[in-house]
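**Q** Mind looking over this structure? Questions follow.
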Amino acid sequence: MDFQVLEGALVEVPTTDVTGMDRRAFGEFVGPRGELASYAFGWTTGSDPHVARLSIGIGAGNPGGGRFHAIVFVNEDGHAFSLTDEPFERVPQGGPDLTADQARAHEDLPFVWWVTDHVMQHDRRAWWMRHWLLETTCIQTLEVFDHREPILLVSHEADDGMWQLIGASDANSSTGKIGHLHHAVDEDQSLIDVLDLPPGRSAVRAALGKPWTGRH
């Protein structure tokens, strides 16, 4: 099945109290038969409740067009969606903003959820948001934690699911630091390319700014 998830702009704005960052990612979806949808999702660090937001737009200019809005929240070991009345973003492919009840009754809701699943799987910013949502933990070497070395090796352990972030120095279990993976991405957004590593895989790079390789 041939489809495209086209990443658009990433907008980052400090919150009004300067205690966090509001991030909003935009993009377009093209289906196998040319179906079009636009989307936006976002999250605010330090927010309470700890949920993300999503908008999907379809059918601009058509009677059945609309913008579907949802929250994204933790559900067991993963994430789930719930339609909401509150609009998030005015994505361009959409028509009028739909309430949750209108969205549930819409004949194209299965297509909207299908688009949503592909966006969450293939937009790298969605991986970042998901790690924020799930508060994924990682072990960092002391040199990486103290920002004395860039991250050159990322590993997602198969046995316990832990992520490891290692610089040029060898890892030392006695000095390793526990943190959240999304904070590491906040500091170095080039990590965004390896946030989908499955358990048992790792990726390396020669230096900061160099491409990630391996993923073995």
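**Q** Quick one: net charge around S47, please, counting Lys, Arg +1 and Asp, Glu -1 for every other residue with C-beta under 12 Å from its C-beta.
**A** -1
**Q** Can you give the local net charge around E86? Use residues other than it whose beta-carbon is closer than 12 angstrom to its beta-carbon, Lys and Arg +1, Asp and Glu -1.
**A** -1
**Q** Distance between the C-alpha centers of the range 9-23 and the range 88-109? Whole Å please.
**A** Taking the Cα centre of each part, the range 9-23 and the range 88-109 sit 26 Å apart.
**Q** I've got another one for you. Once the dipole of the range 81-144 is set up with Lys and Arg at +1 and Asp and Glu at -1 on Cβ about the Cα centre, which of I139, F111, W128 lies farthest towards its positive end?
**A** After comparing all options, I get I139.
**Q** Moving to a separate point now. Of all accessible surface on the chain at a 1.4 Å probe, what whole percent is carbon and sulfur? Walk me through the numbers before you get to the answer.
**A** Working: 5660 of 11090 Å².
The value for the chain is 51 percent carbon and sulfur by accessible area.
**Q** Hey, another quick one. When ligands, DNA and RNA are left out and all protein chains stay put, how many square angstrom of accessible area per residue does the range 1-156 have with a 1.4 Å probe? Don't skip to the end; give the middle numbers.
**A** Values: 7720 Å² over 156 residues.
Accessible area per residue, the range 1-156: 49 Å².
**Q** Full extension from S169 to T213: what is 0.36 nm times the residue separation minus their Cα-Cα distance, to one decimal in nm?
**A** Full-extension gain reported as 14.0 nm.
**Q** Sticking with this structure for a sec: Once the Cα atoms of helix 109-122 and of the chain are each reduced to a long axis, what angle between those two axes, in degrees from 0 to 90 to the nearest 10, is obtained?
**A** 20 degrees
**Q** Please check the chain for the longest run free of trypsin sites (Lys or Arg not before Pro) that are loop-located per DSSP (anything but H, G, I, E, B) and have at most 16 other Cβ atoms within 10 Å.
**A** Details: sites that count: R33, R90, R148, R215.
Looking at the chain, 149-214 is the longest stretch - no exposed trypsin sites (Lys or Arg not before Pro) with at most 16 other Cβ atoms within 10 Å.
**Q** Is there a quick way to get the dipole size of the chain? I mean about its Cα centre, with the Cβ of Lys and Arg at +1 and of Asp and Glu at -1; what is the value in debye to the nearest 20?
**A** 460 debye
**Q** Taking only Cα atoms, what is the 0 to 90° angle, nearest 10, from helix 124-134's long axis to the longest principal axis of the chain?
**A** 80 degrees
**Q** Please report the relative contact order for the range 27-98, taking Cα pairs under 8 Å with a sequence separation of at least 6, and give it as a percent rounded to a whole number.
**A** It rounds to 30 percent for the range 27-98.
**Q** In addition: In the chain, if the dipole is taken from +1 on Lys/Arg beta carbons and -1 on Asp/Glu beta carbons about the Cα centre, which of A80, L181, G95 is farthest to the positive end?
**A** G95
The values are calculated or read from the model by the stated rules, or taken from the named source; none is laboratory data. None of these values were measured; they are calculated from a predicted model. Counting neighbours? That spans all protein chains shown, and the Cβs are built from the backbone with ideal geometry, glycine included. With ligands, DNA and RNA removed, areas are computed over all heavy atoms of the protein, side chains included. Shrake-Rupley method; radii C 1.70, N 1.55, O 1.52, S 1.80 Å.
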